[in-house]
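Let me begin by presenting the structure, written as structure tokens, before commenting on it.
The values are calculated or read from the model by the stated rules, or taken from the named source; none is laboratory data. Being a predicted model, the structure only gives us computed values, none of them experimental. When we count neighbours, we look across all protein chains shown, and the Cβ atoms used for this are built from the backbone with ideal geometry, even at glycine. Keep in mind that these areas ignore ligands, DNA and RNA; they rest on the heavy atoms of the full protein, side chains included. Shrake-Rupley method; radii C 1.70, N 1.55, O 1.52, S 1.80 Å.
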Number of protein chains: 2
Amino acid sequence: MNKINAAYCAGFLDGDGSIYVQMKQNTTYRFGFQISPQIVFFQSQKERLFMEKLWRLINKGYIRERKDGIIELIIGDEKSIRNFLKAVLPYLKVKRKQAKLMLKILNQRKKIKNGSDFLRVARLIDEFRDLNYSKKRKQTSQEVKKVLERERLLTP
Amino acid sequence: MNKINAAYCAGFLDGDGSIYVQMKQNTTYRFGFQISPQIVFFQSQKERLFMEKLWRLINKGYIRERKDGIIELIIGDEKSIRNFLKAVLPYLKVKRKQAKLMLKILNQRKKIKNGSDFLRVARLIDEFRDLNYSKKRKQTSQEVKKVLERERLLTP
């Protein structure tokens, strides 16, 4: 991606995109939770052609059509998120903190060895709540702590 | 504005901005209507600092705080709109048609000599309705036609 396209994507992400990490309880995972980092762009269904254009430009992720008429372009795999954020970071103005937090979480996640490490990552994920003004998001790390304690995965 | 900033602004405008022309009935105007072209960027009030940054970058328009917690950066004067659109047009991907329509309307408006010319511009303004998917907007040109006919400003 050249500088012009990276600057365009940064503007588009600042205006209409979202950087966040979902945490869902899922017992098939070692620490009881699935961590899903995501960068999402939203547009009306009528902008499908544009979304496909943006998709080719970014060359990452996939397109999802929601039932409410919104199309999402989702970048969900770690490597793509990392590469995309590194390209747009120099030009981001609004969501720079979210981008840095995401990169920090991806780095910390790699180093998780025990329950305490996992809880530390969960607390970083909580920080998105304030950055994205999402009042609905609960303090996921509190849930994580409960589960880790119940399963005796936290070192005392 | 350099190319990188222009590309960023294009992305931001595509994601979160709006290009449109308001038409309001106003008897102090020659043809009974005021034409207000506008480019608007929207952000949450918490992004005031960013909006001021964007404002300095664009170096045009003014900032307005709405009662619902949204901040608008509005470019409303013809010369600024024209300069801004010319800078970002090469990089726009979603709102390219709106940008071109706006420039066309600004050009046509300058040449208005009589009621028929005015009605032609009003019909161009109607085209924003489909481009912006604004179902609420009525066919303003029909209103304009009625007023022009009543005031005998249309050549038969």
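From the square roots a ≥ b ≥ c of the eigenvalues of the alpha-carbon gyration tensor of chain B, which class results: rounded (a/c under 1.5), prolate (a/b over b/c), or oblate? Mind showing how you got there, number by number?
Details: a/c = 2.26, a/b = 1.83, b/c = 1.23.
Here chain B falls in the prolate category.
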Next item on the list: Anything in chain B that counts as a DSSP H helix reaching 18 Å or more along its axis (C-alpha) with Kyte-Doolittle mean of at least -1.0? List them, would you?
Entry: B:3-16, B:115-131
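With a 1.4 Å probe on protein heavy atoms only, work out how much accessible surface B and A bury together, total over both chains, in Å² to the nearest 100.
Rounded to the nearest hundred, the buried surface is 2000 Å².
Please state the relative contact order of chain A as a whole percent: Cα pairs under 8 Å, 6+ residues apart?
On the way: 198 pairs, mean separation 35.0, N = 156.
RCO, chain A: 22 percent.
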Next item on the list: Keeping all protein chains in position, work out how much accessible area B:Thr155 exposes to a 1.4 Å probe, and write it in Å² to the nearest 10.
Entry: 90 Å²
Note to self: Taking B:Arg152 in one copy and the same position in all the others, each labelled 7 Å out along Cα→Cβ, what are the pairwise distances from the first, in nm, shortest first?
What the structure shows: 9.9
Next item on the list: Identify all lysines with a Cα-Cα distance to A:Lys113 below 23 Å; exclude those on the same chain that are fewer than 8 residues away in sequence.
Entry: A:Lys24, A:Lys79, A:Lys100, A:Lys104, A:Lys145, A:Lys146
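What is the average number of partner chain Cβ atoms found within 10 Å of a Cβ in A:11-24?
Details: counts 16, 11, 3, 9, 12, 7, 3, 0, 0, 0, 0, 0, 0, 0.
Whole-number average of other-chain Cβ neighbours for A:11-24 is 4.
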Notebook entry, point to check: Along the three principal axes, how long is the protein assembly as shown when you take its alpha carbons, biggest first, rounded to the nearest angstrom?
Noted result: 88, 35, 33
Notebook entry, point to check: What FRET efficiency, computed as 1/(1 + (r/R0)^6) with R0 = 22 Å and r the Cβ-Cβ distance, is obtained for B:Ser80 and B:Gln22, rounded to the nearest 0.05?
Noted result: 0.85
Next item on the list: Using a 1.4 angstrom probe on the protein heavy atoms only, line up B:Tyr20, A:Tyr8 by accessible area, largest first.
Entry: B:Tyr20, A:Tyr8
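How charged is the neighbourhood of B:Ile71? Take every other residue with its Cβ under 10 Å from the Cβ of B:Ile71, and add Lys/Arg as +1 and Asp/Glu as -1.
Numbers: positive: B:Lys46, B:Arg48, B:Arg64, B:Arg66; negative: B:Glu47, B:Glu52, B:Glu65, B:Glu72.
Here the count lands on 0.
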Note to self: So, R0 is 45 Å and r is the distance between the beta-carbons of B:Ser116 and A:Met1; what FRET efficiency does that work out to, to 0.05?
What the structure shows: 0.35
Notebook entry, point to check: Once the other residues with Cβ under 14 Å from the Cβ of A:Leu54 are scored (Lys, Arg +1; Asp, Glu -1), what is the net sum?
Noted result: +3
Next item on the list: Only Lys, Arg, Asp and Glu count, each charged at its Cβ (+1, +1, -1, -1), so figure out the dipole size of region B:3-156 about its Cα centre, rounded to 20 debye.
Entry: 380 debye
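For the ranges B:142-150, A:107-115, what's the packing order if you count other beta-carbon atoms within 10 Å of each residue, average per peptide, and put the highest first?
B:142-150, A:107-115
Mind checking the mean number of beta-carbon atoms from other chains within 10 Å of the Cβ atoms in B:93-105? Working shown, then result.
Details: counts 9, 11, 1, 1, 0, 0, 0, 0, 0, 0, 0, 0, 0.
Shielding by partners across B:93-105 averages 2.
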Note to self: At a 10 angstrom cut-off on C-beta neighbours, averaged per residue, how do the peptides B:117-130, A:77-90, A:54-67 rank from highest to lowest?
What the structure shows: B:117-130, A:77-90, A:54-67
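Per DSSP H run of n ≥ 4, the term is -39500 (n - 2.57); total these for the protein assembly as shown, divide by its residue number, and report the mean residue ellipticity at 222 nm rounded to 500 deg cm²/dmol. Walk me through the numbers before you get to the answer.
Numbers: 12 runs with 158 residues, N = 312.
Result for the protein assembly as shown, helices only: -16000 deg cm²/dmol.
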